[in-house]
Amino acid sequence: MFPYPEQYRLAVPPIITSVMVVWALFAQLVFADASPFALYPLFSLFPAVIVSHVYMTWVADGISRLDQFFYSLVHIPLSFVVWTFTIMHVNGNGFS
């Protein structure tokens, strides 16, 4: 169906990280500070990044498992930083 399924699979974790940012910006406009409706999707997106990297490393069709491991080794910490800042952004003044 897709001409290059490996490239689409490689793009899933950065897309999930981008969804984190878009959701945080949207949720800050719509919901109140520290709203559970805004925070719970963020709490599920970072584990989704980890699960997608584990799945890609396990399958590893186009590139080797070592390359997939290094891709996840770079992307997961960067995604964690983005995830932390999106949670802080959605919380706003909720902790003070």
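The values are calculated or read from the model by the stated rules, or taken from the named source; none is laboratory data. Quick caveat, the model's predicted, so the values are computed rather than measured. Here the Cβ positions follow ideal geometry from the backbone for every residue, glycine too, while neighbour counts run over all protein chains shown. Side chains are part of the model used for accessible areas, which takes the heavy atoms of the whole protein and leaves out ligands, DNA and RNA. Shrake-Rupley method; radii C 1.70, N 1.55, O 1.52, S 1.80 Å.
Below, the figures for the structure above:
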{"item": "Filtered residues of segment 81-96 (kept if in contact (Cβ under 8 Å) with a residue 12 or more places away in the chain and open to solvent by less than 70 Å² (accessible area, probe 1.4 Å))", "result": "V82, W83, T86, I87, V90, N91, G92, G94"}
{"item": "All positions within segment 23-47 that are assigned to a loop (DSSP other than H, G, I, E, B) and hydroxyl-bearing (S, T, Y)", "result": "S35"}
{"item": "Complete set of residues in segment 48-62 that are open to solvent by 60 Å² or more (accessible area, probe 1.4 Å) and free of Cβ contacts under 8 Å to residues at least 40 places away in the same chain", "result": "I50, V51, V54, Y55, W58"}
{"item": "Selected residue [of a type outside the set (G, A, S) and over 17 Å from V74 (Cβ atoms)] from F46, F31", "result": "F31"}
{"item": "Sole exception among (1) of a type outside the set (A, V, I, L, M); (2) modelled with pLDDT of 95 or more; (3) within 19 Å of Y8 (Cα to Cα); (4) surrounded by fewer than 17 Cβ atoms within 10 Å (Cβ to Cβ) for R65, by number", "result": "(2)"}
{"item": "Condition met for L78 (open to solvent by 60 Å² or more (accessible area, probe 1.4 Å) and either modelled with pLDDT of 95 or more or outside any helix (DSSP H, G or I) (or both))", "result": "yes"}
